[in-house]
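The structure under discussion appears below in the form of structure tokens.
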Amino acid sequence: MKKYLILTTFLFGIALHAQDKDTIKSKLKLSGSYEGNGQWYTNDVNRGIQHNSIPLRSNNYLLLNLNYGKFTIGTQVESYTNEALLNYNPKFSKTNFGTYYARYKSTKLEINIGHFYEQFGSGLALRSWEDRSLGINNALRGGRIIYKPFESITLTALYGKQRSGFEVTKGTTIGFNAEMNVAQLFDFTSFELNYGFSYVNRNDKLPAGITNFSENTAVVSNRIGFEKNNFYVNVEHDLKSKDAILQGNNLNYNFVKPGNAFLVNLGYSQKGFGLDANLRRIENMFFLSERQLEVYSPENTSLNYNDKLMNYIPSLTKQHHSNLANIYVYQAQGKTAMQYDEQIQKFGEIGGQIDLFYEFKKGSPLGGKYGTKLAVNASSWYNLKGTYAYYNSNGEYAPNYNTNILGSSQKYFSDYSIEITKKLSSKVKGNITYINQYYNDQYIRGIFQKSLVKSNILFAEATVVLPRAKSFTIAAEHMWADADRKNWLGGSLEYNHNEKWSFFATDMFNYGFDSNTHTISEIDLFDIHFYNFGTAYKKGSTRIALNYGRQRGGLVCAGGVCRFVPPSTGLGIQISTTF
């Protein structure tokens with residue numbers, strides 16, 4: 001790492017030295033940001049939670065960029081003090097340089113050395129990105145060149161190793177991507193037509209004696225997009241070459257299969273109306289920068305921290321504002337899993353999401369004085385239909401499967417919702433939402449016992465604007481569920497005193513369970529309040545927030561990707577600023 005820093009600093013210094021001092025002073029620009037998230041984990045007698053062994057923890061990120069004309073160097077220093085927040089990757093430890101880079105960028109050419117983030121197409125072939133709330137930072141470290149020979153063509157070539165903690169993985173990645181605006185290239189003016197092609201190869205050495213497949217795993221992606229007037233459609237097809245499949249925490253070098261993905265996004269929009277649909281079929285598209293997981297304990301691996309992910313497979317379901325609707329959230333099933341003991345066979349997923357928006361005009365019977373907005377969303381996801389076997393004709397253990405192209409079998413998840421948003425007066429507006437969910441816990445998480453949850457959720461929210469820029473928002477919600485923890489009741493209150501100060505309080509209460517038929521963790525009880533309250537202060541680009549409350553154990557998701565968080569109680573502080 002140091003050699004990169006020394007090299008880039010040296011080159012940058014040469015460039016600066018050649019310039020006049022006054023010119024340097026006027027053109028040299030320093031920018032950056034800081035974000036700190038701290039937590040003091042406290043005892044919670046009612047939940048049976050004792051002080052964590054290290055109760056005071058924080059994640060801190062300091063980003064610095066120094067720009068001079070077409071040259072930029074930068075780094076992100078990260079500090080996990082005393083340790084990272086609970087259930088973050090244990091490889092995020094102490095203080096170190098998380099990323100560092102040097103970049104030259106002109107109109108046609110961009111050259112990066114060091115860490116960089118990249119996404120090809122929808123990300124099914126390659127995506128490196130940072131999401132601090134999920135503990136994901138899988139930047140590539142190496143080199144990347146982006147060249148634009150014409151305005152309508154962009155070519156990208158890269159080489160690197162993926163970040164894992166403060167180190168990089170053993171596997172190496174090379175990639176090439178081409179994006180072409182075909183309509184512009186051939187001067188078509190009545191419609192838009194785009195084509196994209198990607199090739200990504202990961203090289204990860206195989207153990208001695210394994211010769212039945214290559215140490216190189218490649219993904220080839222073809223994409224085409226068409227747009228005319230108010231209609232648009234985008235199609236992507238990906239093929240992944242043969243690779244060994246994980247069974248539990250270990251690779252089965254005799255269970256080797258290829259993968260593929262097919263994604264369609266289409267829609268139509270005009271003023272007051274919008275329709276968008278996503279249809280996707282993925283089979284064995286699990287793609288890591290190292291085949292073998294790092295195993296920290298029998299139940300805990302690098303996969304639990306989304307570490308070493310090469311591609312991006314979001315869940316493609318509605319991201320709800322309701323807290324209760326986010327209890328049973330779907331995770332995309334890109335991984336193949338054949339569990340003999342539990343008789344679970346998962347080969348991927350097939351399904352889709354449809355999103356519809358309509359606005360009843362002002363003055364119409366349903367629009368009233370201010371108009372009425374209607375949003376409908378429906379998503380359903382299923383296992384791929386196929387045939388499978390655990391033993392070959394000689395009676396030897398040899399898992400294998402074959403899938404149908406369009407068939408489906410076990411239902412994983414569905415979410416149907418309808419939301420009505422209405423402005424009642426010049427000072428009051430609100431919305432009411434009904435959500436119906438189906439959650440197959442056994443197949444989504446691959447757990448031993450059968451667990452199927454069907455729920456109905458009603459959520460209502462109102463915002464009242466007060467004099468002198470003050471306002472408050474109040475929300476109430478209820479979930480009727482037929483299994484797991486069964487019924488929930490929730491609510492929230494937020495008060496904005498002015499543009500600087502705001503205060504909030506939320507609570508979720510679980511009730512209606514049958515303790516005789518359902519077991520639960522001693523620190524994750526039924527019949528308990530999950531409260532949280534706090535305040536935030538904002539001035540300019542700086543924001544400081546303080547909260548105290550109970551964290552429900554479960555999945556926290558952002559952008560369709562999730563991280564498991566354990567049950568906890570404590571005081572939290574968040575600070576962020578940019579400069």
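The values are calculated or read from the model by the stated rules, or taken from the named source; none is laboratory data. On a predicted model such as this, the values are computed, not experimentally measured, just so you know. Note: ideal-geometry Cβ built from the backbone for every residue, glycine included; neighbour counts use all protein chains shown. Heavy atoms of the whole protein, side chains included, go into the accessibility calculation; ligands, DNA and RNA do not. Shrake-Rupley method; radii C 1.70, N 1.55, O 1.52, S 1.80 Å.
Quick rundown of the values:
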| quantity | calculated |
| --- | --- |
| In the range 336-350, the residues that are at pLDDT 90 or above and either touching a Pro at 6+ places or on another chain (Cβ under 7 Å) or open to solvent by 20 Å² or more (accessible area, probe 1.4 Å) (or both) | ILE350 |
| Selection status of GLY121, touching a residue at least 12 places away in the same chain (Cβ under 8 Å) and either open to solvent by 10 Å² or more (accessible area, probe 1.4 Å) or under 30 Å from LEU316 (Cα atoms) (or both) | yes |
| Residue pairs meeting the criteria (Cβ under 9 Å; at least 6 apart or on separate chains; first touching a residue at least 40 places away in the same chain (Cβ under 8 Å) and hydroxyl-bearing (Ser, Thr, Tyr), in the range 131-145; second assigned to a strand (DSSP E or B) and open to solvent by 20 Å² or more (accessible area, probe 1.4 Å)) | SER133/ASN37; SER133/VAL556; SER133/ALA558; SER133/ARG563 |
| For VAL233: the one exception among (1) on the phi < 0 side of the Ramachandran plot; (2) at pLDDT below 95 | (2) |
| Test: residue in the range 475-487 that is at pLDDT 95 or above, farther than 30 Å from GLY248 by Cβ, among the acidic types (Asp, Glu) and open to solvent by 40 Å² or more (accessible area, probe 1.4 Å) | no |
| Pair list, Cβ < 9 Å and 6+ apart or interchain, from the range 315-326 residues that are more than 19 Å from ALA460 (Cβ to Cβ) and aliphatic (A, V, I, L, M) to residues that are in a loop (DSSP other than H, G, I, E, B) and open to solvent by less than 20 Å² (accessible area, probe 1.4 Å) | LEU316/TYR330; LEU316/GLY560 |
| Some residue of the range 351-369 being more than 27 Å from THR433 (Cβ to Cβ) and either outside any strand (DSSP E or B) or of a type in the set (Gly, Ala, Ser) (or both) | no |
| Restricting the range 488-502 to residues that are of a type in the set (Phe, Trp, Tyr) and under 27 Å from TYR434 (Cα atoms), the residue that is most open to solvent (accessible area, probe 1.4 Å) | TYR495 |
| Single unsatisfied condition, SER297 versus (1) within 17 Å of GLY446 (Cα to Cα); (2) at pLDDT below 90 | (1) |
| Test: residue in the range 489-510 that is touching a Phe, Trp or Tyr at 6+ places or on another chain (Cβ under 8 Å) and part of a loop (DSSP other than H, G, I, E, B) | yes |
| Subset of the range 258-300 (residues that are out of contact with any Pro (no Cβ under 8 Å at 6 or more places or on another chain), assigned to a loop (DSSP other than H, G, I, E, B) and surrounded by 15 or more Cβ atoms within 10 Å (Cβ to Cβ)) | MET285, PHE286, PHE287, SER289, GLU290, ARG291, GLN292, LEU293, GLU294 |
